[in-house]
Amino acid sequence: ERLREAASVYSGFLGQPLKAAEVLRRARQRAPHVPELVTDHAAALASAGELDAAQRAIGEALATVQGAGRTSLLMLRASFRQQLGDDQSAVNDLTEAHELQSTSGEKERVTETLVNGLERLRVRAERDGDMPTERTATLRLAQLLIANGEIERGRGFLVAWIERDPRDAEPLYQLCDLDESIQHWDGVAAVATRLAYVTEGDAQVQAALRAGSASQQAGRPGDAVPVLELVHQQQPQVEVLRDKLREMYEAAGEFRLLAGVLIADADHGSDPAMRYTNYRRAAELLLYHLEDAASAQVPAGKALELQPDDHHALMLNVDILIASGQLEDAGRTLEAAIGAQKKRTPELAVLQQRMGTVSARMGDKDGQLNWLKKAFDVDRKNAEVAAELAQLATEIGDYELALKPLRAITLMDNPSPVTRPMALLWEAKIEHARGNRAKAELWAKKALREDPAFADAQQFLDELGN
């Protein structure tokens, strides 16, 4: 204690920090395990301008000091090393000090000092053209800031480095993970897309898939189509990538592109069931979504060749004939299929419905009505048949007939294209046309109870009230 007092006199009153340092050195030799003596000794050396000796003195003590006292020594040595221009060693000390902290208050102080140290190191490395050191400091700085809640600041460092070196994958992964954690899906999609351009193998596949999923989350699935196509071209054997590309084509409404992929898969496939499914799906997209019967004809025909007894494949080919104006061929195909039916099945009803469509295209409204009545009689749960029959019966003024399929629709679960509320309102309008105001009001109110947001029903009731 007397030696510390003497050192204080030398440094404070006599202005002789080197004498103070010598006295404190002797004090340390007598009490080597007292951290305060190390701190005082190093401070005296620093006051005398002996920064290197000061940091070496702390280094000697650190060889034996553990626990709480170690942090303050590391922090002090880091400050000396910074003054000496050794920012890398200073960051090493601050990093160790940061890892030793457990109490939140002290850790916050050490974290702030480490952030400043990393920033000093980054700036020095950038000035000196030392890109490896600049990179390490930048990524560690971003990671530290993000972990401590300074997300935008940390993100800014990542973005700045990526602009410096666009092909560096590690910061791209960090930025991707960060944007994903805050659900910034546009950012994830953009960064994952860049990753797909700078990586290879499975990493490239995963990046493309990540870009696709993020684009879907952002509500713009089409944005990821180009990168998925690129990676698919480079790695055509990766099935999961092909599946994702199909999914994205469908989500983006790129039905022609999707059909092309499906046809290619079917052409080169070995599983007959999967080939059938792909041909059929491609033909359905071309016919029902794109109204391109000519392009749908080949895949539909191949689907039927693979499964000649399949009802769906047959109907697909019939629909293509109808859409192409080949009505006589469609009629003959349907007649043969109807003749082959032994029972009153839902499939028979669909065949009869299509015969009604052929009759309508030929201008034979009576024939259309007869076929639809037969189809409805065979399958009263077919919502499409019921809707077509109701529409035709309403058009020709046969309200009694129209009410039958409409009532059937009101008993179905989730009918389409005419919903239960729509069928009830339709009934209301028919009753109103027949002069039955009370029934019209009753059915309209039932429609509104089924769907309180059904504006057409409310409007009808308002008009009925007036």
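Read-outs: derived from the displayed coordinates by stated rules, not from any lab. No experiment lies behind these values; they were computed from the predicted model shown. Positions of Cβ are generated from backbone atoms using ideal geometry, with glycine treated the same way; all protein chains shown enter the neighbour counts.
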### Distance histogram in 5 Å bins (all Cα pairs of region 199-320, percent per bin)
2, 12, 21, 18, 17, 14, 9, 5, 1, 0
## Note on the structure
Magnitude of the Cβ-charge dipole (Lys and Arg +1, Asp and Glu -1) of region 334-393 about the Cα centre, nearest 20 debye, reported as 180 debye
### Summary
Farthest towards the positive end of the dipole of region 329-378, among PRO346, LEU369, ALA336 and with Cβ unit charges of +1 on Lys and Arg and -1 on Asp and Glu, lies the Cα of PRO346
### Query
Under the classification rounded if a/c is under 1.5, otherwise prolate if a/b is larger than b/c and oblate if not, where does region 329-378 fall, given a ≥ b ≥ c as square roots of the Cα gyration tensor eigenvalues?
oblate
### Query
Percentage of Cα-Cα pair distances in region 156-208 greater than 14 Å, rounded to whole percent?
47 percent
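Enumerate by residue number the trypsin sites (Lys or Arg not before Pro) in region 395-434 meeting two conditions: DSSP loop (anything except H, G, I, E, B), and at most 15 other Cβ atoms within 10 Å of the site's Cβ. Mind dumping the intermediate values first?
Working: sites: ARG407, LYS429, ARG434; in loops: ARG434.
Passing both the DSSP loop test and the Cβ count: ARG434.
Apply the a/c threshold of 1.5 to the C-alpha gyration tensor of region 278-372 and tell me whether it is rounded, prolate or oblate.
oblate
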### Query
At 222 nm, what helix-only mean residue ellipticity would the chain give, in deg cm²/dmol to the nearest 500, using -39500 (n - 2.57) for each DSSP H run of four or more?
-25500 deg cm²/dmol
#### Entry: Mean Cα-pair separation over length for region 329-378, i.e. relative contact order, pairs under 8 Å, 6 or more apart, %
37 percent
### Query
Taking +1 at the Cβ of each Lys and Arg and -1 at the Cβ of each Asp and Glu, which of ALA264, ALA282, ILE162 sits farthest along the dipole of the chain towards its positive end, judged by Cα position relative to the Cα centre?
ILE162
### Query
Taking Cα centroids, how far is region 120-137 from region 421-441 in Å?
80 Å
### Task
Could you size up the charge dipole of the chain around its Cα centre, putting +1 on the beta carbon of Lys and Arg and -1 on that of Asp and Glu, and report it in debye to the nearest 20?
980 debye
### Cα-based helix-to-principal-axis angle, 169-181 vs the chain, degrees rounded to 10
60 degrees
### Fraction in percent of alpha-carbon pairs per bin - 5 Å, region 380-466
3, 17, 27, 24, 19, 8, 1, 0
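In percent, what relative contact order does the chain have, based on Cα pairs under 8 Å that are 6 or more apart in sequence? Don't skip to the answer; put the middle values down first.
Working: 578 pairs, mean separation 18.8, N = 466.
Relative contact order, the chain: 4 percent.
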### Query
Using +1 on the beta carbon of Lys and Arg, -1 on that of Asp and Glu, and nothing else charged, what's the dipole of region 264-394 about the Cα centre, debye to 20?
500 debye
### Message
With the alpha-carbon atoms as the only input, what is the per residue convex hull volume for region 266-324 in Å³?
### Response
62 Å³
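Based on the alpha carbons, how large is the Rg to Rh ratio for the chain when Rh follows Kirkwood?
Radius of gyration relative to Kirkwood radius: 1.33.
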### Message
I need the fraction of alpha carbon pairs in region 166-253 separated by more than 19 Å, rounded to a whole percent.
### Response
31 percent
### Query
What's the center-to-center distance, using Cα atoms, between region 323-345 and region 174-216 in Å?
51 Å
